[in-house]
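Working notes, structure below.
All of the numbers you see were taken from the coordinates with simple rules; none came from a lab. Computed from a predicted model, the values in this text were never measured in an experiment. Neighbour counts run over all protein chains shown; Cβ positions are idealised from the backbone, glycine included.
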Amino acid sequence: MLPVFTAAEMRALDARAIREVGIPGPRLMDNAGTGAAALIAGWLAPIRGKAVVVVCGKGNNGGDGFVVARRLKARGAAVRVLLVGRRAEVRGDAAAALGRWRGRVEEVEEPSRLARALDGVDVIVDALLGTGVSGAARGPAAAAIEAINRVGAGGVKVVALDLPSGLDSDRGALLGPTVKAWRTVTFAGLKRSLLLAPAAAQAGAVEIGDIGVSPGEARRGITTWRLESADVRSAFPPRDLDAHKGRFGHLLVIAGSLGKTGAAVLAGRAALRSGVGLCTIAAPASQQPIVAAQAPEYMTEALPETAAQSLSLKAKDRLLELAHRLDAVALGPGLSLDPDAQELARVLVRDLERPMVVDADALSALAGHLDLLRRAAGPRVLTPHPGEMARMLGTTIEAVQADRIELARTFAREHRVLIALKGAHTVIAGPDGQVAINPTGNPGMAKGGSGDVLTGIVGALLARPIEPGTALRAGCYVHGLAGDVAARERGEYAMLASDLIESIPVALRALVDV
């Protein structure tokens, strides 16, 4: 997993590098700028003769820019350095980097002058504002950002150093004027805002630039990570020659109601595509024939139902007996908001001893009853989208989205569960306080049924059995990877949740055949 830094954690790393590792501040800055220049030269090869403008601020981000300018000039680029401010105001390591720049420094504060200086260039390097930003960019900095974006909208490539100027390092919200980058070179590790919407859309493709600190040192004390394929590949080992279905678990899917049988079918089929040995779908008696007719591979169980044709609380004993014989449970897809079904969900969340993934209407049942999670008889894995999370917490979607990482971390710790807060870059948190951010997936997955597919995938992994944290991380990664396969084949507008299921085999081959 790749470390994901807050601004405070990045400052702490810089301080340790200077104090404990023995890398002076000017060397760290030189390392960062040198690495960024090498990446830029590779992206724009051949760099010789290219017209490059480096727009620098007065702080350390500007210092990185001075190094980039020097290194690109040495590679033959035609480089101009624009300083938004006065040379005399540049201090510390940035002043040392400026002192090594052998060329003209154009001090610009007038927007019209900056716009003219950007005319006709091949690439703009944004070194205006970095991780130290607090609040919206104002004055000359805001004007410079707007000028950069006007030129970038015309087709000029904009490369941001560390962060697109104007972004808060830690949050996904846009605070004010923000550079729209073609690519971003971020230093030492990812910053949170580069993985949170809508901020992430400002960064373009992101590469990590080396600052000369070892990976082990960079990872010290970090509690937020981005998943990589290597982190989940072990969940899908080669099967032994004498393998049989009993070795790969039996999943019980408790789902479906009148008009919502599709959710149960999607979860069951996704589980089977994800490698579970056996799958049984428990559904209301009147809906069981509909569920059974959709796929021959899973089994079904007809259960007592309410007048609304949803599962009745009378099904409790039969479900407890079934679950005791099986390996894991997936609860919630299409369950309905009928009061009897909601009470049944609460009882099952509390009393079932098997590992359980809880989704959809079963999450709604927990609103006002979150204490049940701490009393649950077995491991619980929750997969809410922002609306379901808001409902459980009695808050707004806007409040959930404002700080997805810390909200998920706090919830998992307080309620002793694993949770995947779904959305762009799903946030996966555990009771140990560790958070992983999933990089796979795309906007085409924003369609009914996609969450039911995730429930089935995670349920399959829990049943095999796989440790719940590993199951959730692997399930989210494969779910998103299948979505990426489906988007390539069908397009983001046309793809369906069932396309995700049919794309799971391609996703798994891509994951395990590397």
The long-range amide H neighbours of residue 301, using H built 1.01 Å from N in the peptide plane and a cut-off of under 5 Å, are 281, 282, 283
Could you list the residues of segment 51-85 with an amide nitrogen less than 14 Å from a label point located 7 Å from the Cα of residue 100 in the Cα-to-C-beta direction? 63-74
Just subtract the alpha-carbon distance of residue 110 and residue 493 from 0.36 nm times their residue separation and send over the number in nm, one decimal. 133.5 nm
Kirkwood-based Rg/Rh on the Cα set of the chain evaluates to 1.06
Rounded to the nearest 5, what is the percent of antiparallel bridges among the DSSP beta bridges in segment 369-514? 75 percent
Full-stretch length increase - residue 86, residue 369 - with 0.36 nm per residue and alpha-carbon distance subtracted: 96.0 nm
Report for the chain the percent antiparallel among DSSP-assigned beta bridges with both residues inside it, nearest 5. 15 percent
Convex hull of segment 63-160 built on C-alpha atoms - directionally averaged projected area, nm²: 6.4 nm²
Cα axis of helix 468-490 to longest principal axis of the chain: angle in degrees, 0 to 90, nearest 10? 80 degrees
For residue 136, put the label point 7 Å out on the Cα→Cβ axis and report which residues of segment 168-210 keep their amide N under 15 Å from it. 168, 173-179
Any idea what angle helix 497-512 forms with the longest principal axis of the chain, computed on alpha-carbon atoms, 0 to 90 degrees, nearest 10? 70 degrees
Cα→Cβ-extended label distance, 7 Å offset, between residue 299 and residue 197, nm: 4.0 nm
I'd like the projected area of segment 297-402, averaged over all directions, using the convex hull of its alpha carbons. Report it in nm² with one decimal. 7.3 nm²
If each residue's Cβ is checked for other Cβ atoms within 10 Å, how do 170, 64, 240, 327 rank with the fewest at the top? 240, 170, 327, 64
Three-way shape call for segment 361-514 based on the alpha-carbon gyration tensor, with the a/c threshold at 1.5: prolate
Too long for a 20 Å Cα-Cα cut-off, among 50/191; 180/422; 73/157, are 50/191; 180/422
Segment 2-220: translational diffusion in µm²/s, Stokes-Einstein, Kirkwood Rh over Cα pairs, 4 °C, 1.567 mPa s: 77 µm²/s
Simple spin-label model, 7 Å along Cα-to-Cβ: residue 510 to residue 399 in nm? 3.8 nm
For helix 339-351, what angle does its Cα long axis make with the longest principal axis of the chain, in degrees from 0 to 90 and rounded to 10? 80 degrees
